[in-house]
Amino acid sequence: MSLEFKVQVRRYSLAFRGPVRTAHGVWETREGVFIRIEGVDGAVGYGEAAPVPGFSDETAGGIETEARALGETVADAAFDALPGRMACLRHAIGEARRRPESAPGTDPGRLSLGVAALLPAGKAALRDAPPKAEAGFRVFKWKVGVGDPADEMALLDDLCAALPSAARLRLDANGAWDRRRAERWLERCAERPVEFVEQPVARDSRGAEDLLQGLARDFPVPIALDESVVGDGDIERWLGMGWPGLFVIKPSLLGDPVASLAALAAAKAQVVFSSALETGIGAKSSLRHAFRWTGEHRALGFGAGPLFADARFDGPAAAPFIRWQDVERINPEAIWNAAS
Ligand code: MG
């Protein structure tokens, strides 16, 4: 006999505290869908479908329609029948059905993970970096490919000089560069404290996969894939190609994060866990996956907060470290109720 679940759906639309500027444009309102699932045993779980414009073709409206089409009482086989392209919805349902877990092992070193501070694009990074360094951050992420290319490149040395001596800088181009510009930047990054360059060229640009492989081979600065690894089967394909760089993983965008992370771990891939600018419900799920990661830990890409004008929806505060208990303190039920 198949198990049945009671499913509730709540769509949300939340203004960011300030517009988020990336190479994909300006993003002012975070839209997504919360899922609440109650089992026959009365156990309740919450999940968040949080699509990111420029990463996924899913929309909050499409997710809401598919989720409501499941009905209020759903047999588990119906969950499994959701199409692969609905990765964010499959993610939300999977997380809502996951039963509570205990703390990750007993290694105290694993109970607190470092966080990368997110710097604003352009010159504002020079203003924001010193106070963040003062607060204890040692890894910084700077969005590039947003303003005038020559101005941005000229700022790189000023920004490096504004960071503490042991600091590392991540650059995220969000796919904004062409080959020539990517090569110029990667050349410039060599011998500078750049940890990696994220998505130098767009996933859908011509010959993108060969180009990314070539850039990774030709330059000493590691390259991280982000937009390139959010579709169904992307991670497996890049692992199959023997990608030598890093994988930026936004667990919220993965239909089956447990399976994808197991494949990455088996390949001993270098993984950076990152926020999809989701609410506390999605952040809690994503961070639990990060704390369970068995490979090498890099600073988490969870340094953008506080995100929302309505702070009831925020995940953990953007601090230089996130502890397991900070993750466990997030109350999905309160966030669900706030969305009513
Ligand atoms: Mg990125």
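The values are calculated or read from the model by the stated rules, or taken from the named source; none is laboratory data. Here the structure is a predicted model, which means the values were calculated and not measured. Please note: Cβ atoms are built from the backbone with ideal geometry, for glycine as well, and neighbour counts cover all protein chains shown.
SER13 falls short of the stated requirement of being under 21 Å from ALA283 (Cβ atoms) and either assigned by TED's automatic domain parsing to the domain that holds SER274 or within 16 Å of the ligand (Cβ to nearest atom) (or both).
Look at (1) crowded, with 18+ Cβ neighbours inside 10 Å; (2) under 24 Å from ALA129 (Cβ atoms) and you find that PHE321 fails only one, number (1).
Before we move on, is LEU287 farther than 17 Å from PRO332 by Cα and either buried (at least 23 other Cβ atoms within 10 Å of the Cβ) or not hydrophobic (A, V, I, L, M, F, W, C) (or both)? Against the criterion (farther than 17 Å from PRO332 by Cα and either buried (at least 23 other Cβ atoms within 10 Å of the Cβ) or not hydrophobic (A, V, I, L, M, F, W, C) (or both)), LEU287 does not qualify. Per the conditions (1) hydroxyl-bearing (Ser, Thr, Tyr); (2) without any contact (Cβ under 8 Å) to a residue 60 or more places away in the chain; (3) touching a helix residue (DSSP H, G or I) at 6+ places or on another chain (Cβ under 7 Å), the sole criterion not satisfied by SER56 is (2). The set of residues in region 131-172 that are modelled with pLDDT of 95 or more, within 16 Å of the ligand (Cβ to nearest atom) and aliphatic (A, V, I, L, M) comprises VAL139, LEU169, LEU171. When we screen LEU277, LEU246 for residues that are in contact with a Lys or Arg (Cβ under 9 Å, 6 or more places away or on another chain) and on the phi > 0 side of the Ramachandran plot, the only hit is LEU277. Counting only strands (runs of 3 or more DSSP E) that sit completely within region 1-103, those holding 2 or more residues that are modelled with pLDDT under 95 and of a type in the set (A, V, I, L, M) correspond to 73-75. Quick check on region 203-221. Is at least one of its residues within 12 Å of the ligand (Cβ to nearest atom) and either outside any loop (DSSP other than H, G, I, E, B) or touching a strand residue (DSSP E or B) at 6+ places or on another chain (Cβ under 9 Å) (or both)? Scanning region 203-221, I find at least one residue that is within 12 Å of the ligand (Cβ to nearest atom) and either outside any loop (DSSP other than H, G, I, E, B) or touching a strand residue (DSSP E or B) at 6+ places or on another chain (Cβ under 9 Å) (or both), so the answer is yes. Of the residues making up region 183-202, those that are touching an Asp or Glu at 6+ places or on another chain (Cβ under 9 Å) and in a strand (DSSP E or B) are VAL197, GLU198, VAL201. Tallying residues that are aliphatic (A, V, I, L, M), within 14 Å of the ligand (Cβ to nearest atom) and out of contact with any Gly (no Cβ under 7 Å at 6 or more places or on another chain) within region 193-202 yields 1.
Here ARG188 does not fit the description of being in the same structural domain as LYS123 (by TED's automatic domain parsing), modelled with pLDDT under 95 and away from the ligand (no atom under 16 Å from the Cβ).
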